[in-house]
Amino acid sequence: WIGTYSSGLYYLDYITQKLHAATVPNFPQQCIKDLELVRDSTLWCGIDGRGVWVLSHDGSRKITTYQEDVDNQFSISGNGVYDIYYDPSGRIWVCSVTGGTSVADLSSPTLVRLRHSINNPNSLINNHIHALIEDSHGQLWAGTNSGLSCWNPRTDKWVNYFEERDGETYIVLSLCEDADGNIWAGTYAHGVYVIDSKSLNIIAHHTQPTGILAKTGFVFDILKDKDGDMWLAGTSGEIMKYNHHTRKFEVYPKESVYAMAEWGDRMIILGCNYGLLTLDKKTKKTTTLLTDNMIQDVAVVQDKIWAGSSGGGLFSYNIRTHIIKKYDTRHGIISNYVNSLLYADGYLWLGTENGLCRFNTIDKTITTYPSPMNLSTVSYSSDACFRLRNGMFAWGTSDGVIMQDPKYLYRHKLTGHIYIQDILLSGRSIRQYPDLLPETPLDSISNITLQHQQNNVTLNILPIGDNSRTARFSWKMEGVDDDWNTLTDQRFINYTNLNPGTYRLLIRLYNHELIAERSLIIRVTPAFWATWWFKLACLLLAGCLAYFLFWFYTNRLNQRHAEDKLRFFTNIAHDLRTALTLIKAPIEELNQVNSLSKHDKQYLHLAAEQTRRLTSVATQLLDFQKVDMGKEPFYPVMADVVALVGCRVSMFDSIAATKHIQINYHYNTDVYFTAIDTDMMERVIDNLLSNAIKYSHEHSTVDVRFHGDENEWRLSVADYGIGISRKAQNKLFHEFYRSENAINAKITGSGIGLFMAKALVKLHDGKISVESEEEKGSTFEIVVPYRRNEIQKNISKPINDLLQEDSYANYATDDMRILIVEDNDDLRHFMIRPLGKHFQVATAANGVEAWEYIRQEIPDLIVSDIMMPRMDGFELCRLVKSTFETSHIPLILLTALSEKTDELHGLGLGADDYMTKPFDMKTLTQRITSIIHNRRIIGAKFIAAGNATEAKTMSGEPVNMLNDVFVKQALEVVARYLDDADFGKEEFAKEMGVSTSLLFKKIKALTGISVVDFIRNVRMEHAMKLINEKEYSISEIAYKCGFSSIGYFSTVFKKHFGKSPTDFMI
C-alpha cells in the first residue's frame, strides 16, 4: 500500500507487478501521512486534515472514520494525523500535529454507553447515575445527579424530568416500579415522585414535614416486597412502608439505610452506614448481623446475604449458621470498594471503583473484567445496577450508563512489566555512584551491594503495559516484612535503616489481577565494626582483657598475700633471731667463765650447736618463702666453681664420716670461672650433698662430678641409696613433696630443698634433672650455661674487724656514749651489761624515742635494730645521716633480714656497719671499737688530706657529704686564721655558725681529737708544708702559723712530728 501526497491511495500487486488506485468512493485526495494494517482485516489511513479513515483489508470500502469532535471527549485530538501504531496488546495509537496522542483499546468487549451529549436534549440528562431500573414496558429509567431520565430503546427517545428550575437541583437517589406499573423516584430533599410509566406523567408527590420525605430527608432506596408494599429508607429518618392496599404510609424504626433487600415473608435486609441489619415486618424489631462496615448494596441468594462494603470488600452472612465470611483484594477482588451487586445464573457480579468482577458463589473463584482504557476512570455507582429483559446488564457509573451482555464478556489477558526507573540511596540517585551501577541498564539489574551508610533505599518504579493508570503495586521484603503490602498506586518503595544483611525484595504488579512479578537482591555490607571478624576480634580482645584483669586481680591478690606471707615470715624470722641472740649471747658469756667443768662446757657446746641449727632453719624458712614468691635477688659474680664445689664437699666430709660414707669429687679442669651467685649455688650444692648423704646406706659412696667447657658446666651428685620411684620423680621438685620410700624409711625432711634448688638453678638459666631407681640410688645433675659478668657488682661489705681482741682494749672508750635502739625488752636490757663494760650505754625502745634522745644528747655511736614499731631502723638511719647536727654519729644496724638487698639499703642510707641476728656480743663490741679507732685514724688524715672525702677514701670509710662539707669548712676557717695567735675555740665556733659544745662533739666524733688539738694540728701541718718549701725562716714560719714564741712553736712542733723544725730544715 502506498499513500501519496495529493493523488490518493495506491496498492502494488505482487503477482502482476502492477500499481492500482484504491476504489474507495470519495476518498480524500490529500496527503496520506501513515498507513497501518490492523489485525489483517482493516487498513487505517492517517490523512493530514481529515483524521483517520478505516478501510476494508482490500481497500474497496470505507468502514468508519475518526475525526475530532469537540463535544465528544473520546474522539481523537486533532485531524492532522501524522502517525498510527497498533501495539501487540490490541491498542491503536494515533498522533496528530495539534492534539498530541490519542489511544483506543480495540480489544474492549462489546458494550453500549449512554451518556449526556452536550447541547443535545435527546440524551441522558446527567452522567452521574444513582439508580437504574427497567420498567415493564422495556423503558430504562436512570436517576442522576440532575434529575430523572427515561430512555426508550425502540425509538431512541429520551424524556427528562426535574431539570434544574428555580435554582434548585433535583437529585434522584432511588427508583422502583410498583405493582401498578408506576415508577417511584426517591430524591434528595424533595420527597418521592410517582410517574405513570405509560403516559410518562407525574401522578403523585409524597412529602412530609419530617423524616425522609421532608426537605431535609434522603430517600436512598425504595423496595417493593412480595406483598406489593413499597418500602422507603434513607439516612435521616424513620423507615416508611407504603401499604399498596390501604394507600397509607406506616412508620418503622429510624435507621441510616443505603440499600434494602427482602428475605422470606417477613424480613427486610437493611444495609446501613454502620453495618448489616434485619427488620421484622410484623414486630418492627431490628437485629444486627454485621458491624463496623458501611454497606453500599445488598443481595440475597438462597440462605446467604451478600453485602458490598465501602473499603471492606464483600461479606457473606449465612442466615442459618450465622457465619460471616469476608472476601477482599487478597482473594482476587479488584477493589475493596464494592458499590453494587447483581446476581445472575449462579454468579454475583460486583461493580467496584476499579471495574467489574464476577464472583462464583459456589467455589468462590473470582474473574476480573477490568474497565477498558476509555472507562478506566469510571467508578460504578452504589446500588445502581439492573438486569434487563434481553439479558444485558445495566450499570450506573460516574460517567453514564454502561450496558453489557455477560455472554460476550471475555477476559483479556493483561500483560505488563515492572520498570525500575531509579534507585535512591539516602536521597541520591544510584547513578551518582558509578561503582554501584554496573554496565547494564538500571532496569536490568537483579542485585545490588550497598555500604552500611547506604541503608536508606527508595525504588522509583513504573508499570509498563496494559492500562497502567489502574495498575497497582504490592511488595514484600523478606527479612523485614511479614506480609505483602496493601495494593497501592504509589510508585515509590521506601525502606530505611536496613541492618547489614542480604534482603530479597519482591514486587508484584496488579491490574485487577497479578500481571508481573520481579525480585531484587539487596545486600547491605556491615561496617567493619559490625563484621563477624571484628566481633570475633572484640570478643577475643574482651576475653584477653577479662583474662588480663583476672590475672591482674589474682596476681595483685597473690602479691598482697605474698607480701603478707613475707611480712609474716620476716616477723617470725626476726622474732626467732632475736630470741636466738638472747640464747647465743649468754652462752658465749658463760663460755668465757674459767670455772666451768668439762661437762658444763659440753652442755654449753651442745646448746650453741642447736642454736646454730635453729638459726639455719629460720634462714632456710625465710629463703624458701622468698624463692617461692620470686623475691630472691640475683647477684652473679665471677667465681671458681671447681673450688666452690670442693669447699662444700670438704664441709660435708665430717658429716658423711658419721655414716661411714666416702665422698669422691671428680673434675675435668682445675679452675673454671663463670658468673654465678655464690650464695645461691652454695645452697644448691649443700642441698644435693645433704640429700645424697641422708638417703645413702651406711658404708657407701657419693660421687660428685664436675665437667666444664666453653658453653656450659655440669655438676652431678650420685648416691647409691634408697632411690626414688618413677611416680615420685614427676613430683620430686614440687614444694613440700616427699617420696613414699623416704617417709617409710623415717628419714626427716621438709620437702622444700629440691624445690628451692630448682628455683635457684633456674635463676642461673640452668636445669636440674634426676635419674633414679629404687634401691639402686639416684643421680642429680644441674646444667648451667657459661656466662661472663662484664659489669662487676661491687657489693659493700661490713667493715672488717680491724683490731684483735687483745688490742682494742688498749683504746680508751670509757668516755664514749653508746645508744642502743631495740624494741625487744629482753635483748635491750641484756645488751647493756656486756657493752657497759667498755662504754657509757643509753637505750631506746623505738626509733621515735631514739631520735628524741639523739637530738638532745648527741651520742658518740648508735646501735639500732631495723624492724621496730613507730619508726624502723632505716628511717632512723636516714634522719641521723641527713641531719647536720647528727650526721657525724656512727651507726650500726642490727636485723634478722639477712638479704644483701637489705644490707645494701642500710649501707646506702649511710650506716657504718650491718650485723645479722643472732650476733655475738663480743663481735659487736669489737666492731664498735673498730669504728671508733678508724674514726681516730681518719681524723688524723683529715688534716693531712685537706678534706673528708679523700681521707675516707683512703681508709675505706663511706663518705657522708654533710661531714665532708663540715670538715672542709673547718679546715678553711682554721686556714684563714693561721697567723692569728688569739684564734681559739670560741672564735672557731662563731665562724662555723655552731655552738661550742656542738663544735666539740662533731670535731671529736670526726677526728677523735679536741677542738684545740684540731687547730694546733692544722697549724703544724701548715708549718711542715712551709718548711718543705724552704722559703721562710723558722721565726717567719712560727709567726705565719699563729705562734708568737719561737720556743713554744719548736716545742709543739717537736711533740707533733718527733723532731724539731731545725731538723727538717737541714
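The values are calculated or read from the model by the stated rules, or taken from the named source; none is laboratory data. What you see is a predicted model, and the numbers here were worked out from it, not measured in a lab. Don't worry about glycine lacking a Cβ; one is built from the backbone with ideal geometry, like all the others, and counts go over all protein chains shown.
Of note:
- Among (1) surrounded by 17 or more Cβ atoms within 10 Å (Cβ to Cβ); (2) modelled with pLDDT of 80 or more; (3) of a type in the set (Lys, Arg) - the single one LYS990 does not satisfy: (1)
To keep it simple, each residue is scored yes or no on (1) over 30 Å from ASP69 (Cβ atoms); (2) modelled with pLDDT of 90 or more; (3) in contact with a Leu (Cβ under 8 Å, 6 or more places away or on another chain).
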| residue | (1), (2), (3) |
| --- | --- |
| ASN127 | no, yes, no |
| SER146 | no, yes, no |
| LYS157 | no, yes, no |
| ASN160 | no, yes, yes |
| VAL172 | no, yes, yes |
| GLY181 | yes, yes, no |
| ALA189 | yes, no, no |
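- Subset of segment 370-394 that is modelled with pLDDT under 75 and among the aliphatic types (A, V, I, L, M) - its residue that is surrounded by the fewest Cβ atoms within 10 Å (Cβ to Cβ): MET373
- The set of residues in segment 425-453 that are in contact (Cβ under 8 Å) with a residue 40 or more places away in the chain, surrounded by 15 or more Cβ atoms within 10 Å (Cβ to Cβ) and either touching a Phe, Trp or Tyr at 6+ places or on another chain (Cβ under 8 Å) or farther than 14 Å from TYR495 by Cβ (or both) comprises ILE445, GLN451, HIS452.
- Selection within segment 1006-1041: residues that are closer than 24 Å to LYS985 by Cα and not in a helix (DSSP H, G or I). The member of this set that is modelled with the lowest pLDDT is GLY1008.
- Selection within segment 1025-1038: residues that are touching a residue at least 24 places away in the same chain (Cβ under 8 Å) and buried (at least 18 other Cβ atoms within 10 Å of the Cβ). The member of this set that is nearest to the chain's Cα centre (by Cα) is ILE1027.
- Taken together, the criteria place ALA975 among residues that are under 30 Å from PHE884 (Cα atoms), in contact with a His (Cβ under 9 Å, 6 or more places away or on another chain) and either surrounded by fewer than 17 Cβ atoms within 10 Å (Cβ to Cβ) or β-branched (Val, Ile, Thr) (or both).
- Index of the failed condition, LYS364 passing every other in (1) of a type outside the set (Ser, Thr, Tyr); (2) on the phi > 0 side of the Ramachandran plot; (3) touching a Pro at 6+ places or on another chain (Cβ under 9 Å): (3)
- The number of residues in segment 152-175 being touching a strand residue (DSSP E or B) at 6+ places or on another chain (Cβ under 9 Å) and either crowded, with 22+ Cβ neighbours inside 10 Å or of a type in the set (D, E, K, R) (or both) comes to 9.
- Of the residues examined, ILE333 is not one that is part of a strand (DSSP E or B) and either touching a His at 6+ places or on another chain (Cβ under 6 Å) or β-branched (Val, Ile, Thr) (or both).
- Taken over segment 58-86, the residue count meeting the criterion of being in contact with a Leu (Cβ under 9 Å, 6 or more places away or on another chain) and either closer than 15 Å to GLY3 by Cα or of a type in the set (S, T, N, Q) (or both) is 3.
- In segment 1-52, residue farthest from GLU68 (Cα to Cα) [restricted to those that are out of contact with any strand residue (DSSP E or B) (no Cβ under 7 Å at 6 or more places or on another chain) and among the basic types (Lys, Arg)]: LYS18
- Residue pairs meeting the criteria (Cβ under 8 Å; at least 6 apart or on separate chains; first in the same structural domain as TYR85 (by TED's automatic domain parsing), in segment 41-56; second among the hydroxyl-bearing types (Ser, Thr, Tyr) and not in a strand (DSSP E or B)): SER56/SER41
- Residue count for segment 13-53 under the criterion of being hydrophobic (A, V, I, L, M, F, W, C) and surrounded by 18 or more Cβ atoms within 10 Å (Cβ to Cβ): the result is 10.
- Checking segment 409-425 against the condition returns a match, with at least one residue being over 60 Å from the mean Cα position of the chain (by Cα), aliphatic (A, V, I, L, M) and at pLDDT below 85.
Quick grid of which residues meet (1) small (Gly, Ala, Ser); (2) without any contact (Cβ under 8 Å) to a residue 40 or more places away in the chain:
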{"position": "ALA131", "(1), (2)": "yes, no"}
{"position": "GLN139", "(1), (2)": "no, no"}
{"position": "GLY143", "(1), (2)": "yes, no"}
{"position": "ASN152", "(1), (2)": "no, yes"}
{"position": "THR155", "(1), (2)": "no, yes"}
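- Within segment 661-678, tally of residues that are outside any strand (DSSP E or B), among the aliphatic types (A, V, I, L, M) and over 10 Å from GLY708 (Cα atoms): 1
- Residue in segment 165-182 that is under 30 Å from LEU279 (Cα atoms) and basic (Lys, Arg) present: no
- All told, SER60 meets the bar of being loosely packed, with under 15 Cβ neighbours inside 10 Å, assigned by TED's automatic domain parsing to the domain that holds THR23 and not in a strand (DSSP E or B).
- Screening segment 98-120 for residues that are without any contact (Cβ under 8 Å) to a residue 40 or more places away in the chain and in contact with a strand residue (DSSP E or B) (Cβ under 7 Å, 6 or more places away or on another chain) and picking the one that is surrounded by the fewest Cβ atoms within 10 Å (Cβ to Cβ) gives THR98.
- Counted as qualifying within segment 726-798 are the helices (runs of 4 or more DSSP H) with 2 or more residues that are over 30 Å from ASN934 (Cβ atoms), out of contact with any Lys or Arg (no Cβ under 6 Å at 6 or more places or on another chain) and at pLDDT 85 or above, namely 753-763.
- The lone criterion from (1) in contact (Cβ under 8 Å) with a residue 12 or more places away in the chain; (2) surrounded by fewer than 24 Cβ atoms within 10 Å (Cβ to Cβ); (3) in a helix (DSSP H, G or I) left unmet by CYS877 is number (2).
- Restricting attention to segment 803-838, the residues that are at pLDDT 85 or above and part of a loop (DSSP other than H, G, I, E, B) total 2.
- Filtered residues of segment 467-511 (kept if touching a His at 6+ places or on another chain (Cβ under 8 Å) and either of a type in the set (Lys, Arg) or part of a loop (DSSP other than H, G, I, E, B) (or both)): PRO500
Residue-by-condition table, conditions (1) on the phi > 0 side of the Ramachandran plot; (2) under 35 Å from the mean Cα position of the chain (by Cα); (3) buried (at least 16 other Cβ atoms within 10 Å of the Cβ); (4) modelled with pLDDT under 85:
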position: ASN455; (1), (2), (3), (4): no, yes, yes, no
position: PRO463; (1), (2), (3), (4): no, no, yes, no
position: ASP483; (1), (2), (3), (4): no, yes, no, no
position: ASP489; (1), (2), (3), (4): no, no, no, yes
position: PHE492; (1), (2), (3), (4): no, no, no, no
position: HIS512; (1), (2), (3), (4): yes, no, yes, yes
position: THR525; (1), (2), (3), (4): no, yes, yes, no
position: LEU539; (1), (2), (3), (4): no, yes, no, no
position: ALA542; (1), (2), (3), (4): no, yes, no, no
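- Members of segment 255-283 that are surrounded by fewer than 16 Cβ atoms within 10 Å (Cβ to Cβ) and farther than 25 Å from ALA179 by Cα: ASN273, TYR274
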